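Take a look at the structure below.
Each value in this text was obtained by applying a stated rule to the coordinates, not by laboratory testing. All values derive from a computational prediction rather than experimental measurement. Note that we place each Cβ from the backbone using ideal geometry, even for glycine, and neighbour counts take in every protein chain shown.
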Amino acid sequence: MSESQAVAVDTGTTSRELELVLTATQLERVREWTLQEDGVERFAYMYCEPTENRLLVREIDPIPAEDCAVMESSAVRPELSIERERLGDAMSDGLVPIMVHSHPFSQDPGFSALDDNIMESYRDWLGQLYPEVPLGFIVIGHAGVDTAIYTDPSTPRREKLPISVVGEWMLETPLDAPKVERDRSIDGERYDRSIRALTDTGQKHIANTRVGIVGLGGLGSMVALQLARFGVQDFVFADPDVVERSNLPRIYGATNSDVGRQKVNVVGEQVARANPEATVEAYPARVQDVPESDLSNCDVIIGAVDRLDARLYCNEFAIRHLRYYIDGGVAIETDDSGRVTDERGLIQLVAPGANACLDCMGRNDAEHLRIEEMSEEEIEADIQRGYLEEDVVAPEPAITPLNGQAASLITRQFTKLITDYSPPADFIRFDGLDDGLVAVGTHPSEGCISCSAGADLASGERSFNRKDLVGGDGEIEVDFADPMDAPGVDSADSQTIDQSVVDQSVGEETGVSEGTGSASQPAPEPEPKPKIRGKAVSSQENESGEKELDVPEPEHGSSDRSLAGALFTATQRAVRERSEPLTLLFLIAVVLKVLRGRR
Amino acid sequence: MNPQRVIPEVQDLHEMIKQRQNPIMSYDLADDLVVKIEQLKFPDGWENSDGAQFGDVIFDLSSTYPRKQPKVYVSDDMSYRGGSPHVLYAQSVAPNGFTKYCIHTLSDWDPDKHSLKTMFNILEVSLENPKAKNPLQEA
């Protein structure tokens, strides 16, 4: 590898185009490998999946001494053959490599002159071969890192690569690293009281955080309004439902005139009124139908839904995109006499790779999912056959104060997460009957189907060519009776709601106002519910083609339905093993906080 | 649903069925999320409207597979010993040309242990004795 003649142009600025994202667990692993007690410099690769403007670390590849050309107290470099192999493999897989080496003698290291030359030589070498792949470098010390990124390796221009650590509060030693610059300003007078608690920096973090809220019913609407008043300016809403009369006691701000309107619009307008700086991308659709890019740009996703499939989708989505997910839910149970026997709320914070996800906690329920996906007709048929109880579709009891308590806990978790004023709990359960609250820490479960290494629900390649997804021996055409039963191909459309929309709607009002005797007026016609179908799978739109499986052409008789019987063979293919035992390594630290008296 | 998990399952199922007979197997993991097996030979006692033992089967995966078992549909002209056994029902909710098959629900369905081959095996056992209340137990 030749020494580069170009001189690196270190701008000293922090990149606004790319951000490195890794979990606290991954960072601890890198630290453990590179900063060993022998004081020798060590080397590792991070292989990152590029998504939008984020580089998501998917794999840490430590390089042992026997694979290094140099490994001393002041220098380290892999063998050239190792570099070619590892970098070539990463590039071929569409991954962006980040080259990490340590300065074990330093707390907060900086790149040396030698490091500068080496980085330029890498750029000179790899930039020609892979001009469209960013090149990143990290030097790690005991407390901090220095970073460098060639966003365009065809030029010597270099910036600092900002780093985001998922679950940063779990680190033994906080990481001093470049951060994404967030320059949205705040109204100091408006948020004076919050700033006195959270500091100016904390309030700015809130203003610069994009929040996705899934479910804008009794719980979600309260969360949305609290966050809006608190200073969040950037929202994405997803909910396919319209407001019904029975929702009015619980959906914050909803009135009789909102019956029949999309919940995302009703709550979106409330948010814009509460915070004139706020903008809401409102999707009147299931979260599964929201364009992936819009949801993945949310720093925090909050689930306030009563459907398990939506919760689990959000869980998998957060894991795949290394985003925080706060899942909130409440439940009231009654006995046959109608007496309340249980009143509870559960709030779980998912910090992918750092703590337990919903599947780690065993919150999947196959039977619940099965019933959720049944149509009304199917449910009725199963009830008639005795497969299901009649009350399986009965509405769940719900009361505003329980929602309010859960909403406030969610907002508090969000605040701790974003402003760092206190570490957030991983899992909170509160009991509405005895006013008890339990907050516990959680750990990822080894073998989790969603978040463990090699898990195949949330991880893995997500983008496929259509010809990989449709194939077989013949043309497939399934004519579902109800088009809504067939997941479609179109993502949902959104409406942007901000202060201008609210001002316009106020100007158009014809006299129906909140709190007046409008109950006698007929409810407005419900807004037409768009037939929203979403991509179940992200795929590239290529020409469809049949995938040829290794199958002999069947013999056809005069009718496709009257073939002669085929011969059965005695040979049986080895069955792919699916018997890896699940082992749960759950360490739960229980902090019991009992609240007495009324809130 | 992660195609990376499901595509190999479909191929494994195809290989398994191929060892025993020669149905036509197709899949759509992009839009309909289904696996379709055509011209599958049903066990003795079953026949279609042409009097042959062959019928079509659909595994309707949905976006949540493999978290739960897929739904199963069979050709709506299949009969068993001249009648319609109780396992066939809810035709109005099935795709055109099909009727819903009451497949045994595994109480311990586990995505790590169970797959489309599991479903096919359950279906085979049920087709052998469609009048049984608990075909797996009786098998």
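Averaged over the residues of B:100-112, the number of partner chain Cβ atoms lying within 10 Å of the residue Cβ comes to 3. Dimensions of the stretch A:9-170 along the principal axes, based on C-alpha atoms and rounded to the nearest Å, stand at 38, 37, 30, largest first.
Can you give the local net charge around A:Met91? Use residues other than it whose beta-carbon is closer than 15 angstrom to its beta-carbon, Lys and Arg +1, Asp and Glu -1. Its environment carries a net charge of -4. Summing Lys and Arg as +1 and Asp and Glu as -1 over all other residues whose Cβ lies under 14 Å from the Cβ of A:Ser81 gives a net charge of -3. For the stretch A:60-132, applying the loop criterion from DSSP together with a ceiling of 14 other beta carbons within 10 Å to the GluC sites (Glu not before Pro) yields A:Glu72, A:Glu79, A:Glu132. Separation of the stretch A:157-200 and the stretch B:15-79, taken as the distance between their Cα centroids, equals 55 angstrom. For the residues of B:117-130, the average number of beta carbons from a partner chain within 10 Å of their own beta carbon is 0.
Sorting the segments A:350-363, B:89-102, A:28-41 by their mean number of nearby beta carbons within 10 angstrom, highest to lowest, gives A:350-363, B:89-102, A:28-41. Across peptide B:12-21, the mean count of Cβ atoms from other chains lying within 10 Å of each residue's own Cβ comes to 5.
Charge tally around A:Met170: other residues with Cβ under 11 Å, Lys/Arg +1 each, Asp/Glu -1 each, net -4. Can you find, among A:Thr400, A:Tyr387, A:Ile371, the residue farthest towards the positive end of the dipole of the stretch A:368-409? Put +1 on the C-beta of Lys and Arg, -1 on that of Asp and Glu. Towards the positive end, the residue furthest out is A:Thr400.
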